[in-house]
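Report on one structure; see the data block that follows.
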Amino acid sequence: MEAINSSDNSLVSDEVLQQVRVDLEGIGFEVETGKKKAELIQVPVLFGLNGSIEKSFNADAYNPNTGTVLEVEAGRAVANNQFLKDLFQACMMQNVNYLIIAVRNYYRGYDDFAKILLFFDTLYASGRLQLPLTGILIIGY
């Protein structure tokens, strides 16, 4: 999708999410619409008495039918290790089987997509850390 191609555009993550919102909703995702509490997608992490939610994490998009969380990252994906926070949170979320991280191919002269891909390749190849997720998909834009 040319509108979000990081070679030609410098959109922030919310703008990228806005560009793909309709398509995501069309395949069953609930998509964040803003930063107010009612506009966020909260996925439960910890339950308390009578099943009340004590802790939840926000996701950019969530498909409850497939248990898929989508996080769209822009500039801080690698620089601030945001992709690691996304991984941790997805592992803690209830009823989440899959994590999708959409990340810029190019950011300030660096290939963030390739860096994150190498990290996950290394994680899986080492076999030293077992994750509770069925799959992880990294999308470069």
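The values are calculated or read from the model by the stated rules, or taken from the named source; none is laboratory data. Small disclaimer: the values here were computed from a predicted structure and weren't measured. Glycine also receives a Cβ, built like all others from the backbone with ideal geometry; neighbour counts cover every protein chain displayed.
If the condition is being of a type in the set (A, V, I, L, M, F, W, C), closer than 19 Å to LEU17 by Cα and in a strand (DSSP E or B), then the stretch 40-67 contributes ILE41, VAL43, PHE57, ALA59, ALA61. For the stretch 121-132, which residues satisfy the criterion of being exposed (fewer than 13 other Cβ atoms within 10 Å of the Cβ), of a type in the set (A, V, I, L, M) and part of a helix (DSSP H, G or I)? Scanning the stretch 121-132 gives a single hit, ALA125. Scanning the stretch 72-98 for residues that are in contact with a Gly (Cβ under 8 Å, 6 or more places away or on another chain) and part of a strand (DSSP E or B) returns a single hit, TYR98. Can you run down the residue pairs with Cβ atoms below 6 Å, 6 or more apart or on separate chains, where the first is in the stretch 1-18 and closer than 14 Å to ASP112 by Cβ and the partner is charged (D, E, K, R)? Every condition considered, the pairs that remain are SER6/ARG104; SER13/GLU73. When the test is whether a residue is out of contact with any Pro (no Cβ under 8 Å at 6 or more places or on another chain) and under 28 Å from ASN9 (Cα atoms), ALA79 passes it.
Condition test on GLU30, is it within 20 Å of ASN105 (Cα to Cα) and among the acidic types (Asp, Glu)? The answer is no for GLU30.
Could you check, for the stretch 106-113, whether at least one of its residues is acidic (Asp, Glu) and part of a strand (DSSP E or B)?
Taking the stretch 106-113 first, the residues acidic (Asp, Glu) are 111-112.
From the residues that got through so far, the ones that are part of a strand (DSSP E or B) too are none.
No, every residue in the stretch 106-113 fails to be acidic (Asp, Glu) and part of a strand (DSSP E or B).
Please tell me if SER10 is in a loop (DSSP other than H, G, I, E, B), in contact with a strand residue (DSSP E or B) (Cβ under 8 Å, 6 or more places away or on another chain), modelled with pLDDT under 95 and more than 17 Å from LEU131 (Cβ to Cβ). For SER10, the condition - in a loop (DSSP other than H, G, I, E, B), in contact with a strand residue (DSSP E or B) (Cβ under 8 Å, 6 or more places away or on another chain), modelled with pLDDT under 95 and more than 17 Å from LEU131 (Cβ to Cβ) - is not met. Any chance the stretch 107-120 includes a residue that's among the small types (Gly, Ala, Ser) and either over 17 Å from ASN58 (Cα atoms) or surrounded by fewer than 17 Cβ atoms within 10 Å (Cβ to Cβ) (or both)? The answer is yes, given that some residue of the stretch 107-120 is among the small types (Gly, Ala, Ser) and either over 17 Å from ASN58 (Cα atoms) or surrounded by fewer than 17 Cβ atoms within 10 Å (Cβ to Cβ) (or both). For the stretch 25-70, a residue qualifies if it is surrounded by fewer than 17 Cβ atoms within 10 Å (Cβ to Cβ), touching a residue at least 24 places away in the same chain (Cβ under 8 Å) and under 19 Å from MET1 (Cβ atoms), and exactly one does: ILE27.
Could you please let me know if ALA102 is in contact with a Lys or Arg (Cβ under 8 Å, 6 or more places away or on another chain), touching a residue at least 12 places away in the same chain (Cβ under 8 Å) and buried (at least 16 other Cβ atoms within 10 Å of the Cβ)? Don't jump to the end; show me each part of the working.
Details: in contact with a Lys or Arg (Cβ under 8 Å, 6 or more places away or on another chain): no; touching a residue at least 12 places away in the same chain (Cβ under 8 Å): yes; buried (at least 16 other Cβ atoms within 10 Å of the Cβ): yes.
So ALA102 does not fit the description; no.
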